Amino acid sequence: MTSIAQRLQQIRKDINDAERDGSRQLGSVRLLAVSKTKPSADIAAAYRAGQRHFGENYLQEALKKQQELGAYDITWHFIGPIQSNKTKPLAMHFDWVHSVDSFKIARRLSEQRPTHLPPLNICLQVNISDEDSKSGIDLAELPELCAQVADLPNLKLRGVMAIPAPQQDFDLQRQPYRALCLAVAKLNRPELDTFSFGMTGDLKAAILEGSTIVRIGTALFGERNYY
Ligand SMILES: *Cc1c(COP(=O)(O)O)cnc(C)c1O
């Protein structure tokens, strides 16, 4: 069996190869290790191999692991669906939230962010191709929501996140990311430096289209057996 450390090394190599193929600066794409459904021991194994950024989808599960791993210097990203009555623990216990898709959620996160902490890093989740998904705003709503969220005091709007419908075809994988990057370029907001694009199945397509954070679960921790 391959260890988490070995898989991590392979993923880092895949990221570097894609950066090269896409004429991207080496090191410009960050790996976010998506640890949902996986035990704290797996996170610790990746940590020992140098990984520092971890992504979780379920609040209760994430809070439990944060407790167990309190001694570790981990940057925690929340990437799952957000219920508006659960924003307070998100504002208190995470460094990043990728899945903001309404002004109401953003305003609550800003209000509930403890002021002794740095501003919460935020990405707006955009629904670019998956018509069945209930998460994410339409591309047409992006300019207005960006303008509203950028004014909130305790948030730092960093960019966009997307989960396109899965595609086998490489060119089809690239298309939605390209469209979203073009839309962000038109916003003319140079402070938006984050494109949270790409999972195990489309890492290379995402990096060729400008991803700055790839969110990788299966390739690192193996298949998930529940959720
Ligand atoms: C589960 C999940 C991932 C990781 O997906 P893999 O295909 O296992 O790499 C990435 N992003 C989000 C939002 C997820 O929920």
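The values are calculated or read from the model by the stated rules, or taken from the named source; none is laboratory data. Small disclaimer: the values here were computed from a predicted structure and weren't measured. Because the Cβ atoms are built from the backbone with ideal geometry, glycine has one as well, and the counts that use them run over all protein chains shown. SASA here: full protein model, heavy atoms, side chains in, ligands and nucleic acids out. Shrake-Rupley method; radii C 1.70, N 1.55, O 1.52, S 1.80 Å.
List the number of the failed condition for residue 118; all other conditions in (1) open to solvent by 40 Å² or more (accessible area, probe 1.4 Å); (2) more than 19 Å from the chain's Cα centre (by Cα) hold.
Failed condition: (2).
Yes/no per residue for (1) under 20 Å from residue 162 (Cα atoms); (2) β-branched (Val, Ile, Thr); (3) in contact with a helix residue (DSSP H, G or I) (Cβ under 7 Å, 6 or more places away or on another chain); (4) modelled with pLDDT of 95 or more:
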{"site": "13", "(1), (2), (3), (4)": "no, no, no, yes"}
{"site": "28", "(1), (2), (3), (4)": "yes, no, yes, yes"}
{"site": "41", "(1), (2), (3), (4)": "no, no, no, yes"}
{"site": "50", "(1), (2), (3), (4)": "no, no, no, yes"}
{"site": "53", "(1), (2), (3), (4)": "yes, no, no, yes"}
{"site": "64", "(1), (2), (3), (4)": "no, no, no, yes"}
{"site": "68", "(1), (2), (3), (4)": "no, no, yes, yes"}
{"site": "88", "(1), (2), (3), (4)": "no, no, yes, yes"}
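Are any residues in the stretch 51-95 among the acidic types (Asp, Glu), within 16 Å of the ligand (Cβ to nearest atom) and farther than 20 Å from residue 106 by Cα, and if so, which ones?
The answer is 61, and nothing else.
Checking residue 103 against (1) under 26 Å from residue 189 (Cα atoms); (2) modelled with pLDDT of 95 or more; (3) open to solvent by 10 Å² or more (accessible area, probe 1.4 Å); (4) within 16 Å of the ligand (Cβ to nearest atom), which single condition isn't satisfied?
Here residue 103 clears every test but (4).
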